[in-house]
Structures are given as C-alpha cells and as structure tokens.
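The values are calculated or read from the model by the stated rules, or taken from the named source; none is laboratory data. Everything quoted here is computed from the prediction, not taken from an experiment. Glycine gets a Cβ as well: all are built from the backbone with ideal geometry, and neighbour counts include every protein chain shown.
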Amino acid sequence: MPCSIRTAVSPPDANDTDELSELERLMRERRPTATNRDEMLDMMARTRNVRRSWISDKHPDCTTIVKRYPRLLDMNSAVFYRFLHFY
C-alpha cells in the first residue's frame with residue numbers, strides 16, 4: 001500500500017500537526033517488516049524532534065511513550081544501528 005507521506009528523511013514542519021499525526025498513526029498501525037523497515041526508520045527519524053520535545057515537556061511514563069511510539073520496542077536494534085551509522 002503506497003504511502004502519501006514523504007519518504008525522504010526530513011523533519012516535518014513543526015506546525016504541520018496533520019502530517020505528524022499521520023506519521024504517528026502509521027507507526028502505531030504498521031508492523032515492521034523487511035520490506036518496510038527503511039520507511040519505518042524514516043518515520044521515526046522524522047518524528048524524533050517532536051517525540052523528544054513531548055517527552056521532555058510532558059514527562060510521560062514508559063507505558064505512555066511505548067503506547068504512542070510502539071516501534072521503539074520492536075525496532076530498537078535497527079534504530080541503534082542506524083544511529084551508529086550516522087555518528
């Protein structure tokens with residue numbers, strides 16, 4: 001199923017709450033597979049700044065964070081290796 005969301009790694013405009021909401025919804029609903037792994041990592045990268053701000057400002061507990069961003073659990077090694085690649 002094609003995604004109407006941009007696929008290049010670029011953070012969405014901070015004021016584009018519709019796009020951010022759509023990215024969060026897609027990350028909650030889709031399970032990572034070998035074919036969509038890069039797309040899922042891209043969505044995680046694009047929501048990173050908003051996710052970090054939300055965690056810093058609201059201080060949610062771990063359950064709330066994982067409920068909103070479940071891919072942090074099942075893609076943790078992929079995220080780790082991708083960040084190693086960048087740094």
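Descriptive notes on the structure:
- Taking the criterion of being buried (at least 16 other Cβ atoms within 10 Å of the Cβ) and either among the hydrophobic types (A, V, I, L, M, F, W, C) or over 12 Å from the mean Cα position of the chain (by Cα) (or both), the residues of the stretch 38-68 that qualify are Met40, Leu41, Met43, Met44, Ala45, Val50, Trp54, Ile65.
- Only one of Arg51, Arg82, Arg28 that is at pLDDT 90 or above, in contact with a helix residue (DSSP H, G or I) (Cβ under 9 Å, 6 or more places away or on another chain), charged (D, E, K, R) and not in a loop (DSSP other than H, G, I, E, B): Arg28
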